[in-house]
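As structure tokens, the structure follows; a few thoughts come after it.
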Amino acid sequence: MKSPVGVRLWILTAALLVLVGGIIYGLAYAERRIKQLEARLTASQLEGFRLAGEIRHGLGSLNHSLLRYILLRDPKVWEDFEQASSDLDNWIDKHDPNLNPHSPITTELERKAFKELNTAYDEYRAAARAVRSNGLPALVNSSSRLDSQIDAFDVQAQRMGDLVHQLADAHHKAEAGFLASANASLGHIKSILVASVALLLALVAAMGGVIYRDTIAPLRTKLVHSQTLLERQEKLVTLGTLAAGIAHEIRNPLTSLKARLYTLEKHLHAVPAAKKDTDIISAEISRLERIVQDVLSFARPSDPKLETIPADTVIREVQGLITPNLESRGVRLEIESSPELLIRADSGHIKQVLINLVRNAAEAIDGAGTVTMRARAGRAALGGRETDAVILEVADTGKGIPPEVEKRLFDPFFSTKETGTGLGLPIAARIVERHGGMLQYQTRPGHGTTFGVVLPRERMNHRGTETQS
């Protein structure tokens, strides 16, 4: 099964690939649009923008030629006019979008203007021929008629000039529309590229954040935790060596005191007042012996003798051992049913840990209350890897652990009890660690505390042999 970190990285990688695909698509779209603009901005398109100028220039030349003919009546001049007007007519027909489908004229406004111009040009040529036919010297009383024909030609020439101006305006509008379309396309392409780059940067930042949060940050935390644990272990080793030496030196005098007390009790058996004093001395010697034993257990913990046992069995045995003591305090011990869960542990050591936790739970309850024991399956990081685990929990309905106490909860010789040694939880934690597990807890001031002994889970394979998860 993939870890959540791997799943998130796969999702982000897939999103990154999709985004890269989007950027490639955007670039392809941009290239396609640029090619479309290039196709529209061809030599013929540029020629279309020059059509009005070419026609205006041609009309100017024709008007000048016809004026020369009227003044000189030179047939050669008329022949030049006819040839130039015919060439201009062919040129206009060639570029008329209504006659030539390959014309560079593209907009409807240009088509309409060109159609009107083509029709008007035929009338322009007809008016010019009328001027020639009515301007011959042999005709009598033709002067007034010639003037009227010249006026008619001037009207047609003016009309042609107006239509050429309209065509020029249509060209300018087409050019403005083309530039606006080009700018819009380039703006669209720019928006796509900017958005794609922004999304790419955001996704890369998100991937970096996920990698840092789920990989680098835990490693840094683990490194700091490991360094702290190493420093703590070094301190514990030094403290344990010192404590073991002191405990050993105290133990010998205690043995002598206990022996002498036994002799005194025999001699003072008949003196009631003396017996009360000897009982107090005996209790204090026993307390000192317990403290010495705790110090030695903390300084030199014995190696566990591991065997596969049901977790529920350990809990039931602890219940039988400690229930009478709890009932005298008004505290009820409840055992929650649990599935068949196997652990590989030293039964005596684990019972020692659980008894210590149950006693602490009972002492945290003011008056009547409940201590609950249960075993459940779970997952935990043990030995540097995620594995199946069995969690033996001890929950109480006490007052919880204050924050200032939490900070020093596992410090050796720290205790909130007047007669406590402050070694119960440190010893319990070291025992659990020697089983390859860990001791954890959750607390809420005013609602109670739950301690959990987390141990690797053992499984029985189909042949009945033991396997560790």
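Please pick out the residue among 394, 390, 371 that is open to solvent by less than 30 Å² (accessible area, probe 1.4 Å), in a strand (DSSP E or B) and in contact with a Phe, Trp or Tyr (Cβ under 7 Å, 6 or more places away or on another chain). Talk me through it step by step, then tell me what you get.
Values: 390 fails: in contact with a Phe, Trp or Tyr (Cβ under 7 Å, 6 or more places away or on another chain); 371 fails: in contact with a Phe, Trp or Tyr (Cβ under 7 Å, 6 or more places away or on another chain).
Criteria check complete, one pass: 394.
Restricting to the range 85-103, give me the number of residues that are crowded, with 16+ Cβ neighbours inside 10 Å and of a type outside the set (Asp, Glu).
Within the range 85-103, the first condition is being crowded, with 16+ Cβ neighbours inside 10 Å, and the residues that meet it are 85, 88-89, 92, 95-97, 103.
Add one more test, that the residue is of a type outside the set (Asp, Glu), and what stays is 85, 88, 92, 95, 97, 103.
Counting residues in the range 85-103 that are crowded, with 16+ Cβ neighbours inside 10 Å and of a type outside the set (Asp, Glu) gives 6.
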**Asked** Does the range 335-355 include one or more residues that are in contact (Cβ under 8 Å) with a residue 12 or more places away in the chain, within 29 Å of residue 416 (Cα to Cα) and part of a strand (DSSP E or B)?
**Response** yes
**Prompt:** Pairs under 6 Å by beta carbon, first residue without any contact (Cβ under 8 Å) to a residue 24 or more places away in the chain in the range 110-135, partner assigned to a helix (DSSP H, G or I) and open to solvent by less than 70 Å² (accessible area, probe 1.4 Å), six or more apart or different chains?
**Reply:** 130/149; 134/146; 134/149
**Item:** Top-ranked residue of the range 320-365 - restricted to ones that are under 25 Å from residue 438 (Cα atoms) and hydroxyl-bearing (Ser, Thr, Tyr), ranked as most open to solvent (accessible area, probe 1.4 Å)
**Value:** 337
**Asked** If you scan the range 53-97, which residues turn out to be within 19 Å of residue 156 (Cα to Cα) and touching a residue at least 40 places away in the same chain (Cβ under 8 Å)?
**Response** 53, 55, 56, 59, 62, 63, 66, 69, 70, 78, 81, 85
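Of all residues in the range 418-429, which are open to solvent by 50 Å² or more (accessible area, probe 1.4 Å) and in contact (Cβ under 8 Å) with a residue 12 or more places away in the chain? Steps first, please.
Let us first name the residues in the range 418-429 that are open to solvent by 50 Å² or more (accessible area, probe 1.4 Å), namely 418-419.
The one that is open to solvent by 50 Å² or more (accessible area, probe 1.4 Å) and in contact (Cβ under 8 Å) with a residue 12 or more places away in the chain: 419.
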**Message:** I'd like to know if the range 159-173 contains one or more residues that are open to solvent by 80 Å² or more (accessible area, probe 1.4 Å) and either over 13 Å from residue 113 (Cα atoms) or within 49 Å of the chain's Cα centre (by Cα) (or both).
**Reply:** no
**Message:** Can you confirm whether residue 62 is touching a helix residue (DSSP H, G or I) at 6+ places or on another chain (Cβ under 7 Å), at pLDDT 85 or above and surrounded by 15 or more Cβ atoms within 10 Å (Cβ to Cβ)?
**Reply:** yes
**Prompt:** Which of (1) open to solvent by 60 Å² or more (accessible area, probe 1.4 Å); (2) over 21 Å from residue 163 (Cα atoms); (3) at pLDDT 80 or above is the odd one out, the single condition residue 69 does not satisfy?
**Reply:** (1)
**Request:** May I ask you to list pairs of residues, at least six apart or on different chains, whose Cβ atoms are under 8 Å apart, with the first in the range 401-417 being touching a residue at least 40 places away in the same chain (Cβ under 8 Å) and farther than 19 Å from residue 432 by Cα and the second being of a type in the set (Asp, Glu) and outside any loop (DSSP other than H, G, I, E, B)?
**Result:** 417/363
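The values are calculated or read from the model by the stated rules, or taken from the named source; none is laboratory data. Please read these numbers as outputs of a predicted model, since none were measured by experiment. Note: ideal-geometry Cβ built from the backbone for every residue, glycine included; neighbour counts use all protein chains shown. Heavy atoms of the whole protein, side chains included, go into the accessibility calculation; ligands, DNA and RNA do not. Shrake-Rupley method; radii C 1.70, N 1.55, O 1.52, S 1.80 Å.
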